[in-house]
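The structure appears below as structure tokens.
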Amino acid sequence: MTSALIERIEAIIVDLPTIRPHKLAMHTMQQQTLVVLRVRCSDGIEGIGEATTIGGLAYGYESPEGIKANIDAHLAPALVGLPADNINAAMLQLDKLAKGNTFAKSGIESALLDAQGKRLGLPVSELLGGRVRDSLEVAWTLASGDTARDIAEARHMLESRRHRVFKLKIGANPVAQDLKHVLAIKRELGDSASVRVDVNQYWDESQAIRACQVLGDNGIDLIEQPISRSNRSGQVRLNQRSPAPIMADESIESVEDAFSLAADGAASIFALKIAKNGGPRAVLRTAQIAEAAGIALYGGTMLEGSIGTLASAHAFLTLRQLTWGTELFGPLLLTEEIVNEPLQYRDFQLHIPRTPGLGLSLDEKRLARFARVRG
Ligand code: MUC
Ligand code: MG
């Protein structure tokens, strides 16, 4: 039997409004931009994927426009004509052809997995070896920029049983002001919630030493990426000194980064992101490194829409341990949807269906409405 071939790969930039401004240390999001991938195969099956980052070039090394340009000019032409069902061969071809570009590769790998799942009648989690859970705990990020508004938002999430884990985005303000903000929220929520912070690399080591101590002493459960990814020895020292566990996020830009962080002892938790590793299969290689090194896991997000969120979720369902849960709330930050099947969030969890592929189909009308017009 001849296998289906990859016929066409299309990258579509989609701009969607957010429910409120989302303030990160490096950027305030007023909308989110997704790059939606459509991979058409000769057997009539189409796989969908997503390559999404935050704040243009403010967060990662790839922008939505760059992702699309590189896919159109380099990655797509290299895959057309290859067997659609040999994902190893396709991704090897992309790795030979293109250094880095993990966001673009992740979107393509997700789409190939979606197509193969649809072809075989299997959910992506089963293509990845089988799920060991059907749902994932999902944290919510409090990032309105206002303490009282964040507290009200957290209370609403607790009462509606949507989230009981909160991540606070800090780093943009003076350290003392940020600490006051975090401790005020923790005081209000008490033991009803897990409160964590993400500094997005904005402290230097001299600031982080004391701040991590204060946060740990006041019941903050986790500190994400307090200092720059380039200060490796500082990360190792903080990991040894901080009373609250340190999680690596920006420090992991590849599976190789994960290995060297583990070897150096630079974090006790890894944030797993499909976009930063090169896809749902690549992120599982990072997870295996962590597991072998005794590093705990957390399912991270680049604030993808429903497609990227489910691509991440299918991978996270297969992990042996996911001690710190996930933050797969991206679709909930958006006011609009471009797929026909809204994701199921209830009882603090995202519930992932067992339908073939990712379990999603594009809403063509809404996709056309929000797709960025060329030129
Ligand atoms: C990050 O740095 O983790 C994840 C949640 C959120 O609000 O921002 C992202 C990025
Ligand atoms: Mg982070």
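Values in this text are rule-based calculations from the coordinates and carry no lab data. In this text, all values refer to a predicted model and were calculated from it rather than measured experimentally. Here the Cβ is made from the backbone with ideal geometry for all residues, glycine too, and neighbour counts use every protein chain on show.
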*With each pseudo-label sitting 7 Å past Cα toward Cβ, what's the residue 256-residue 233 distance in nm, one decimal?*
2.3 nm
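Need one number: % antiparallel among DSSP beta bridges in the chain, to the nearest 5.
Taking every DSSP beta bridge within the chain, about 55 percent pair in antiparallel fashion.
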*Please work out the Cα center distance from segment 335-375 to segment 34-65, rounded to the nearest Å.*
14 Å
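Per residue of the chain, what 222 nm ellipticity follows from adding -39500 (n - 2.57) for every DSSP H run with n ≥ 4, rounded to the nearest 500?
On the way: 14 runs with 142 residues, N = 375.
Per the formula, -11000 deg cm²/dmol.
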_Normalised convex hull volume, segment 220-311, alpha-carbon set, Å³ per residue_ = 90 Å³
*For segment 161-172, just list the computed ³J(HN,Hα) in residue order, Karplus coefficients 6.51, -1.76 and 1.60, θ = phi - 60°, integers in Hz, with x standing in for Gly and Pro.*
6, 9, 9, 10, 10, 10, 10, 9, 8, 10, x, 6
*Let me know the Kirkwood hydrodynamic radius for segment 84-140, please, with Cα pairs as the basis and the value in Å to one decimal.*
12.9 Å
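Would you mind calculating the relative contact order of the chain from Cα pairs under 8 angstrom and at least 6 residues apart, reporting the percent as a whole number? Mind dumping the intermediate values first?
Values: 845 pairs, mean separation 76.2, N = 375.
In percent, rounded to a whole number, it is 20.
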*Using Cα pairs under 8 angstrom and six or more residues apart, how large is the relative contact order of segment 1-119, in percent?*
31 percent
_Can you give me the Rg/Rh ratio for segment 127-351, using Cα atoms for both radii and the Kirkwood formula for Rh?_
0.95
*asked:* To check my understanding: the extent here is largest minus smallest coordinate of the Cα atoms along each principal axis. What are those three numbers for the chain, in Å, largest first?
replied: 63, 43, 42
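Pairs of Cα atoms under 8 Å, at least six residues apart: use those to get the relative contact order of segment 127-351, whole percent. Numbers along the way, then the final one.
Working: 424 pairs, mean separation 48.9, N = 225.
Worked out over segment 127-351, it gives 22 percent.
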*Once you charge only the Cβ atoms, +1 for Lys and Arg and -1 for Asp and Glu, what is the size of the charge dipole of the chain about its Cα centre, to the nearest 20 debye?*
180 debye
*Would you kindly state how much longer the chain becomes between residue 371 and residue 155 on full extension, computed as 0.36 nm times their sequence separation minus their alpha carbon distance, in nm to one decimal?*
74.3 nm
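Quick one: longest stretch of the chain between exposed loop trypsin sites (Lys or Arg not before Pro), exposed meaning at most 12 other C-beta atoms within 10 Å and loop per DSSP?
Working: sites that count: 99, 161, 320, 354, 374.
After excluding every exposed loop site, the longest remaining stretch is 162-319.
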*Determine the dipole magnitude for segment 127-351: charges of +1 sit on the beta-carbon of Lys and Arg, -1 on that of Asp and Glu, nothing else is charged, the reference point is the Cα centre, and the result goes in debye to the nearest 20.*
360 debye
